[in-house]
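Have a look at the structure that comes next, please.
The values are calculated or read from the model by the stated rules, or taken from the named source; none is laboratory data. Since the structure is predicted, the reported quantities are computational estimates derived from the model, not experimental observations. With ideal geometry, Cβ positions are generated from the backbone for all residues, glycine too; neighbour counts draw on all protein chains shown. For the accessible areas, the whole protein counts, side chains as well, though only heavy atoms, and no ligand, DNA or RNA atoms are used. Shrake-Rupley method; radii C 1.70, N 1.55, O 1.52, S 1.80 Å.
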Amino acid sequence: MDESSKESLPEHRVPGNVNLRMEHISKRFPGVKALQDMHLEIREGEIHALVGENGAGKSTLMKILAGVYRPDSGTIELSGKSVVIDNPNKARALGISIIHQELNLSPNLTVAENIFMGREPHSPLGWIDFRHMNQETQEVLAQIGATFSPSTRVGRLSIAQQQLVEISRALSENARIVVMDEPTASLTGRETKKLFDIMRTLKSRGITIIYISHRMAEIYELADRATVLRDGQYVTTMERADITDSKLIQSMVGREINELYEHAAVKIGDTVLEVRNLSDREYIQGTNLLLRRGEIVGLAGLIGAGRTELARLIFGADRHISGEIRVDGKSVTIHSTIDAIRAGIGLVPESRKEQGLFLELAVQENIAMNTLSKMTTGGLLNMGRIHHIAQEQVDNLGIRLASLKQKVLNLSGGNQQKVVLARWLTIKPKILLLDEPTRGVDVGAKAEIYRIMSKLAHSGVAILMISSELPEVLGMSDRILVMHEGRIAAELPGRTTTQEEIMTHAAGLAVH
Amino acid sequence: MGTIKNTQAVNTARFAEAKDTSVRGRAYRLWQQLSMALVLLILCIIMAIFAPHFLEVGNLLNVARQVSINAVLAAGMTFVILTGGIDLSVGSALAVAGVLAVGLDAIGVPGFFAVLGGIVTGALCGLLNGVLIAKLKLPAFIVTLGALTYLRGLAYVTTGAYPLIKTDLSFGFLGGGSLGPIPMPVIIALIVFIISYIVLTRTTFGRHVYAIGGNEQAARLSGIRVDWNILWVYTISGICAGIAGIIFSARLLSAQPTGGQGYELDAIAAVILGGTSFVGGVGSIVGTLIGVLIIGILNDGLVLMNVPFFYQQIIKGAVIVIAVLIDRFRAGRAIA
């Protein structure tokens, strides 16, 4: 992108209007340049999207703004005055508030206690003044239309409500600039809508919002401007009118991605997995499901519809209380994950860090973990074989790493996801259950994961893909199943279906 | 669910360390692994300067002999802590195993079987802990705290609270004997460490221990038999307590119902000093060995320097806290 050069900048500058200006920001961590001569200009009262692949430097830049990191060089100007933000308290005092993707709340404390954490009002005797605290909390909550009480324990709130607590905290600290790091990553469609309304309210009151997101649709809907980062460097800033899908992706990736969803229809074979009348104690009620060789079936539905629970049930991670699971026409007993693995079923869970990876262990061990017991000679692990098998998967899936022995912790989100996938490929699965396989990975890695899925389907693996991203469901699926309240509510053809159709069934609004 | 701010800081530190593949980064990580070895080295130098006779071969062998019991316990403890658990019962299990072995010897059971009996007793103590923790999902701290108390009681009951002295103990050479210049307890401890090292680094079970400690959910979803492995980990800790009990009895040529009191704390301290994470998943048996030596040398040196006993306690405790503090401080510096 040539317009990224500095000459084009002045035309963006509207004097007196710029609220925050970060110039020539560089930051290196031992051995890596996280940011290089980065700059960012935010206007007062705008919603400014910060876009870039994982590792592009968005979070580092925001952490510098929030005083978590100190830049190696560069200046920050706030309302025309040069400021030094060398710790988080300084940032807060300057009216900068950051809401991390992983919320910083104490679940065991109340909403009010969380909002006032570290600056609790005291009575003259030194007690905490709970009455005053709850009162002020109530006022802030009302401002953003939150309906829960200040004395509710945060642990009892939904993720969306917890986010409102974070926003309320920012408001009660009189924040002028609020940074939100992927706030919609774990929200449902309706919750997202509500959050957007709140963001617009904040904007109308002159609060500036910097918004980090992977979701293109949200950026069009919300952002006044968008700044794109790539490899720690500034690429471009776009005005709302200029933002298009292809432009954004192109400047993020630095090349064109022609076909994101690369899935040619394959010859679909015999039934491999048949689930009959499967139920658990809570979520799943008499579900039937069929998967055939070489088929990618999308499983759509709202959060809480029971998609993850269904996958865990099939995989034996939770116990079913009734129903039958048949693999290759034969009934199999699945009481544990070990049974499922033996039957040729793999599950890539929805959150790779919590459920998928051994972050402190080497890449090769993460890949080989499911099959370690088969890689021993005389009771001892055959390191050569482990290395070999891991290398094969790394080549096969195009996992980018420095060494097979490096900790998985050090890989990017997309590569971590591929490591989880690689582990499941070592068992040579017949059936792969993928739960949100592209959550939190950047566009480039997404395309690669889709390509891998297609390849697997081609080789005869049956894939069940749970996804909350409708374009992905539509783009990749041969068939689409929609879940609603623990049941499969509809079966739709891939490609020809529309997002609206899926949502109608997902919301339980379809007329039968 | 919301996380506490500390997690964020830790993640940040990890991130900063993360992408580092440069030579400097590698050197840094190597230094991180070696830092406790360095503490050990500095400690040795201090002792060599200030403690009379510290560097004499006789004294060093003495140190080795003295740490051997803690070493065996700490080896077992390493397995437990790597899974994120804790075993407070090893000191009491040591006593019960010792009492049983000497008792068997006293009624004329051949030495080999008496020793085996002691070790099996330790294993059973550990197995019971394991069943309660892995299968019945009780918290390890409470289960083993209970065991600490009831096993001690058992040792008192079986001996009537009197030491059972047996000067012609058939397996006495395991405590008093030596192979060439090297005392038998040291040899036993070395064998335990070598086996532990191989098991932890080169077997499926060992790697599963790390996997479970690192991420139990992921381990379960990967088809690792989490319960089974945890059960084994406590059994191993029990076996180590049994072996330690044998060494203990053999050294004193008697069964002491009060034996091993508080030993669990030294074992835990050694493991933590050795860099094993209290939440599991990270650590090594080599680190534990270093931890054991730090504690042993500190004990020995303070005695040689004629530091009064109560002051020894203060210094020992402080050194443990300071060593871990230095370790944490160094990890924290990665952020700045």
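Kindly provide the set of residues from region B:212-224 that are at the interface with chain A (Cβ under 7 Å from one of its Cβ atoms) and either without any contact (Cβ under 8 Å) to a residue 24 or more places away in the chain or of a type in the set (Lys, Arg) (or both), ordered by number.
B:GLN217, B:ALA218, B:ARG220, B:LEU221, B:SER222, B:GLY223
Residues that are of a type in the set (Val, Ile, Thr), closer than 27 Å to B:ALA95 by Cβ and surrounded by 24 or more Cβ atoms within 10 Å (Cβ to Cβ): does region B:247-267 have at least one?
Yes: region B:247-267 contains one or more residues that are of a type in the set (Val, Ile, Thr), closer than 27 Å to B:ALA95 by Cβ and surrounded by 24 or more Cβ atoms within 10 Å (Cβ to Cβ).
Consider B:THR276 against the criteria (1) under 12 Å from the mean Cα position of the chain (by Cα); (2) part of a helix (DSSP H, G or I): it satisfies all of them except one. Which criterion is unmet?
Going through (1) under 12 Å from the mean Cα position of the chain (by Cα); (2) part of a helix (DSSP H, G or I) one by one, B:THR276 breaks only (2).
Can you tell me which residue is modelled with the lowest pLDDT among those in region A:145-171 that are farther than 18 Å from A:ILE207 by Cα and among the charged types (D, E, K, R)?
Among those residues, the one meeting the criterion is A:ARG156.
Okay, next question. State the number of residues belonging to region A:71-84 that are without any contact (Cβ under 8 Å) to a residue 40 or more places away in the chain and farther than 21 Å from A:GLY45 by Cα.
Residues flagged as without any contact (Cβ under 8 Å) to a residue 40 or more places away in the chain and farther than 21 Å from A:GLY45 by Cα within region A:71-84 amount to 1.
Every residue, every condition in (1) without any contact (Cβ under 8 Å) to a residue 40 or more places away in the chain; (2) over 30 Å from A:GLY52 (Cβ atoms); (3) open to solvent by 30 Å² or more (accessible area, probe 1.4 Å); (4) of a type in the set (S, T, N, Q), yes or no:
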{"position": "A:VAL253", "(1), (2), (3), (4)": "no, no, no, no"}
{"position": "A:ILE268", "(1), (2), (3), (4)": "no, yes, yes, no"}
{"position": "A:LEU273", "(1), (2), (3), (4)": "no, yes, no, no"}
{"position": "A:ASN277", "(1), (2), (3), (4)": "no, yes, yes, yes"}
{"position": "A:GLY286", "(1), (2), (3), (4)": "no, yes, no, no"}
{"position": "A:ALA300", "(1), (2), (3), (4)": "no, no, no, no"}
{"position": "A:LEU310", "(1), (2), (3), (4)": "no, yes, no, no"}
{"position": "A:LEU313", "(1), (2), (3), (4)": "yes, yes, no, no"}
{"position": "A:SER322", "(1), (2), (3), (4)": "no, yes, yes, yes"}
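OK, next. Out of region B:281-320, which residues are assigned to a loop (DSSP other than H, G, I, E, B) and open to solvent by 10 Å² or more (accessible area, probe 1.4 Å)?
Listed by number, the residues that qualify are B:VAL282, B:GLY283, B:SER284, B:MET305, B:ASN306, B:VAL307, B:PRO308.
Residue pairs, Cβ under 7 Å, 6 or more apart or interchain, first in region A:498-512 and at pLDDT 85 or above, second assigned to a helix (DSSP H, G or I). List them.
Final answer for the pair search is A:ILE502/A:LEU470; A:ILE502/A:VAL473.
Report the residue count in region A:88-116 for those that are touching a Lys or Arg at 6+ places or on another chain (Cβ under 8 Å) and exposed (fewer than 15 other Cβ atoms within 10 Å of the Cβ).
The total comes to 1.
Is it the case that A:GLU191 is open to solvent by less than 60 Å² (accessible area, probe 1.4 Å), among the acidic types (Asp, Glu) and within 21 Å of A:PRO471 (Cβ to Cβ)?
yes
Can you name the residue in region A:375-400 that is open to solvent by less than 20 Å² (accessible area, probe 1.4 Å) and over 21 Å from A:VAL441 (Cβ atoms) and, of all such residues, is nearest to the other protein chains (Cβ to nearest Cβ)?
Restricting to residues being open to solvent by less than 20 Å² (accessible area, probe 1.4 Å) and over 21 Å from A:VAL441 (Cβ atoms), the top hit is A:LEU381.
Kindly indicate whether any position in region B:239-258 is more than 14 Å from every other protein chain (Cβ to nearest Cβ) and part of a strand (DSSP E or B).
Yes: region B:239-258 contains one or more residues that are more than 14 Å from every other protein chain (Cβ to nearest Cβ) and part of a strand (DSSP E or B).
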